[in-house]
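A.B. asks: Submitted below is the structure of interest, expressed as structure tokens.
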Amino acid sequence: MEWDNVKLLSDFKQLKHLEDEEYDKLNLEEINILYVAITRAKQKLIISEDYELTDLEVVEIKNKLEKIK
């Protein structure tokens with residue numbers, strides 16, 4: 001299923017605000033659901049400021065998530 005517009009509010013944990021030890025408790029299923037929500041937008045993805053990340057934050061979060069796989 002896809003939608004023309006997807007609006008992502010503060011329904012998910014804000015990864016950039018998690019402490020290192022909180023990543024161990026992070027539910028990977030929630031991360032997958034967030035991914036699915038983001039990739040279902042056909043034309044427009046509207047996200048809350050809570051989810052806006054710099055390139056450096058993306059790299060840091062990716063590295064932390066890879067450690068808990």
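A.B. asks: Within region 45-58, is there a residue that is in a strand (DSSP E or B), β-branched (V, I, T) and either touching a Gly at 6+ places or on another chain (Cβ under 6 Å) or open to solvent by less than 90 Å² (accessible area, probe 1.4 Å) (or both)?
C.D. replies: First, pick out the residues of region 45-58 that are in a strand (DSSP E or B): 45-47.
Then keep just the ones that are β-branched (V, I, T); that gives 46-47.
Applying the additional criterion that residues be either touching a Gly at 6+ places or on another chain (Cβ under 6 Å) or open to solvent by less than 90 Å² (accessible area, probe 1.4 Å) (or both) yields 46-47.
The answer is yes, given that some residue of region 45-58 is in a strand (DSSP E or B), β-branched (V, I, T) and either touching a Gly at 6+ places or on another chain (Cβ under 6 Å) or open to solvent by less than 90 Å² (accessible area, probe 1.4 Å) (or both).
A.B. asks: Okay, moving on. Any chance region 15-35 includes a residue that's at pLDDT 90 or above and either hydrophobic (A, V, I, L, M, F, W, C) or surrounded by fewer than 10 Cβ atoms within 10 Å (Cβ to Cβ) (or both)? Explain how you work it out, then say what you get.
C.D. replies: Restricting attention to region 15-35, the residues satisfying the condition of being at pLDDT 90 or above are none.
No, region 15-35 contains no residue that is at pLDDT 90 or above and either hydrophobic (A, V, I, L, M, F, W, C) or surrounded by fewer than 10 Cβ atoms within 10 Å (Cβ to Cβ) (or both).
A.B. asks: Cβ-Cβ distance below 8 Å, separation of 6 or more or different chains: which pairs start in region 27-39 with a residue that is farther than 16 Å from L9 by Cα and end on one that is at pLDDT below 80?
C.D. replies: Listed by first residue and then by second, the contacts come to L28/I68; L28/K69.
A.B. asks: Within region 20-44, which residues are assigned to a helix (DSSP H, G or I) and not aliphatic (A, V, I, L, M)? Spell out how you get there, then give the answer.
C.D. replies: Filtering region 20-44 down to residues assigned to a helix (DSSP H, G or I) leaves 20-23, 28-39.
Result: D20, E21, E22, Y23, E29, E30, N32, Y35, T39.
The values are calculated or read from the model by the stated rules, or taken from the named source; none is laboratory data. Remember, predicted model here, so these are calculated numbers, not experimental data. Note that each Cβ is placed from the backbone with ideal geometry, even for glycine, and that neighbours are counted across all protein chains shown. Surface accessibility is based on the protein's heavy atoms, side chains included, excluding ligands, DNA and RNA. Shrake-Rupley method; radii C 1.70, N 1.55, O 1.52, S 1.80 Å.
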